[in-house]
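Encoded as structure tokens, the structure appears first; notes follow it.
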Amino acid sequence: MTFVIPQGFSAAGVYSGIKRNPMRQDVALVVSNRPAAAAGVYTKNLVYAAPVAFDRQLTPGEGFRAVVINSGNANACTGERGLHDAAEMARLAAAVCGAEPRQALVLSTGIIGEFMPMEKIAAGIQACAKELASDEAGFIAAARGMMTTDTVHKLYGLGTTVGTRTVHLAGMCKGAAMIAPNMGTMLGLILTDAPIAAADLQRMLTQVVDDTFNCISVDGHMSTNDTVLLLANGAAGGEKLAADELQQFQSALHEVCGQLAKSIPADGEGATHLICIDVKGCATVAAARQIAKSVADSPLVKTAIHGADPNWGRIVSAAGYAGAPFNPAGVNLEVNGVALYRQGAPVEFNADEVSASIKSHRETNVVLSFAEGSAAARFWTADLTAEYVRLNADYHT
């Protein structure tokens, strides 16, 4: 399927020497040919990187022309020098498209605590400027430029009708570990040609991220650099979206962010299974999410799925210590459509068949239902493998 590209955007990604492998891009540039409104959602970690500090000061806002991205160096825990380097990255990116420094935003990911190799960054931005393209190849190169331990680039886009207009949305993200709710080590950039005011962008992005990027987990570790940016340049034409049009756009935004969010635990470091956890019948959405997160973060649940073990006790007990009150006699559990537990008690099932189902499918579906209300939540996570331990034991710090 051809990747959908919103009007008025171009992108590129190059290797500049930040990473050790010259076959992997490490600087990317995304440019709008007209000023765009922008919104951002960021890590809640009290220790946050310089690019997060830089972007937070500017979003939500209007008039943006560029986003510069680098991987291989997080520019985190780098003090005043790091703040200066983030601002310099924005200045360099803005300059190549004839814009002011405050018209560019910055995304960085990689090793924490090392200063940015600014000569390499500057050369990479110049190289990107020469390769900017409004085609799929350009956006793939940019998406690869934000990868660290990801095994695949992550892109998703769509066209949709809003009112009487056709608008387009496209997004890219990175993430494979240090992934936890309130965003993990992930970067996301969503682009649209719809005309939308910055305040509306911020409201919608905050709501959508809460249901998507904040509902994934790989290892429960919150990072210093997590950022999702949303840019709208209005190239589709017409007046700014309002009322029902904004609701229609938000539904499309939810689809894009949901698909990108799901792709992160699907590519979890060393993962062999993507685990979808549906929690239903709770008193509140907050309670449903709390239970889903507890199950998703349990190392025993994650290792059971890796071993294709339908160990219902690990799942039910993880729900029980989540801190959300419920009647234990009203709990039901299914794994891959097979009932393992009903009304607070185990039921007979063919363990070999359920194990074979887990083993033979990349995706495992866990459904927990309660008798407390009608609220529900969906959470995505990955299994925990020996390869995850190896990758993070060997990772350069």
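The values are calculated or read from the model by the stated rules, or taken from the named source; none is laboratory data. Everything quoted here is computed from the prediction, not taken from an experiment. Backbone-built Cβ (ideal geometry, glycine too); neighbour counts: all protein chains shown. Note: accessible area is taken over every heavy atom of the protein model, side chains too, but ligands, DNA and RNA are not part of it. Shrake-Rupley method; radii C 1.70, N 1.55, O 1.52, S 1.80 Å.
Among the residues of the range 225-247, those that are surrounded by fewer than 17 Cβ atoms within 10 Å (Cβ to Cβ) and on the phi < 0 side of the Ramachandran plot comprise 239, 240, 242, 244, 247. Please work out which residue is nearest to the chain's Cα centre (by Cα), limiting yourself to the range 191-204 and to residues that are crowded, with 24+ Cβ neighbours inside 10 Å and within 15 Å of residue 34 (Cα to Cα). Looking at residues that are crowded, with 24+ Cβ neighbours inside 10 Å and within 15 Å of residue 34 (Cα to Cα), I get 191. Test residue 7 against the criterion of being open to solvent by 50 Å² or more (accessible area, probe 1.4 Å), at pLDDT 95 or above, in a helix (DSSP H, G or I) and polar (S, T, N, Q), and give yes or no. So residue 7 fails the test. Cβ-Cβ contacts under 8 Å between residues 6 or more apart (or on different chains), taken from a first residue in the range 270-284 that is over 15 Å from residue 322 (Cα atoms) and touching a residue at least 24 places away in the same chain (Cβ under 8 Å) to a second residue that is of a type in the set (Gly, Ala, Ser) and part of a loop (DSSP other than H, G, I, E, B), are listed as 274/268; 281/371; 281/373; 281/374. Looking across the range 337-380, the residues that are open to solvent by less than 50 Å² (accessible area, probe 1.4 Å), within 25 Å of the chain's Cα centre (by Cα) and either of a type in the set (A, V, I, L, M) or within 17 Å of residue 311 (Cα to Cα) (or both) come down to 364, 366, 367, 368, 375, 377.
Only one of the listed residues (251, 263) is of a type outside the set (Asp, Glu) and within 14 Å of the chain's Cα centre (by Cα). That residue is 263. Which of the numbered conditions does residue 50 fail, given that it passes all the others? Conditions: (1) in contact with an Asp or Glu (Cβ under 6 Å, 6 or more places away or on another chain); (2) of a type outside the set (Lys, Arg); (3) under 19 Å from residue 225 (Cβ atoms). Going through (1) in contact with an Asp or Glu (Cβ under 6 Å, 6 or more places away or on another chain); (2) of a type outside the set (Lys, Arg); (3) under 19 Å from residue 225 (Cβ atoms) one by one, residue 50 breaks only (1). In the range 205-213, the condition of being open to solvent by 10 Å² or more (accessible area, probe 1.4 Å), at positive phi and either touching a Gly at 6+ places or on another chain (Cβ under 9 Å) or at pLDDT 95 or above (or both) is met by no residue.
This table checks each residue for (1) assigned to a loop (DSSP other than H, G, I, E, B); (2) over 21 Å from residue 95 (Cα atoms).
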| position | (1), (2) |
| --- | --- |
| 124 | no, no |
| 129 | no, no |
| 137 | no, yes |
| 140 | no, yes |
| 143 | no, yes |
| 150 | yes, yes |
| 155 | no, yes |
| 160 | no, yes |
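Condition check ((1) open to solvent by 20 Å² or more (accessible area, probe 1.4 Å); (2) of a type in the set (Asp, Glu)) across all residues:
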site: 14; (1), (2): no, no
site: 33; (1), (2): yes, no
site: 51; (1), (2): no, no
site: 56; (1), (2): yes, no
site: 67; (1), (2): no, no
site: 80; (1), (2): yes, yes
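Scanning for something assigned to a helix (DSSP H, G or I), closer than 30 Å to residue 110 by Cβ, without any contact (Cβ under 8 Å) to a residue 40 or more places away in the chain and aliphatic (A, V, I, L, M), does the range 314-321 turn up at least one residue? No, the range 314-321 contains no residue that is assigned to a helix (DSSP H, G or I), closer than 30 Å to residue 110 by Cβ, without any contact (Cβ under 8 Å) to a residue 40 or more places away in the chain and aliphatic (A, V, I, L, M). Within the range 10-46, if we keep just the residues that are in a loop (DSSP other than H, G, I, E, B) and touching a Ser or Thr at 6+ places or on another chain (Cβ under 9 Å), the residue that is farthest from residue 96 (Cα to Cα) turns out to be 45.
The condition of being open to solvent by less than 70 Å² (accessible area, probe 1.4 Å), under 23 Å from the mean Cα position of the chain (by Cα) and without any contact (Cβ under 8 Å) to a residue 60 or more places away in the chain holds for only one of 73, 45, that being 73.
Filtered by the rule that a residue be open to solvent by 50 Å² or more (accessible area, probe 1.4 Å), over 24 Å from residue 190 (Cβ atoms) and not in a loop (DSSP other than H, G, I, E, B), the range 259-292 gives 280, 286, 290.
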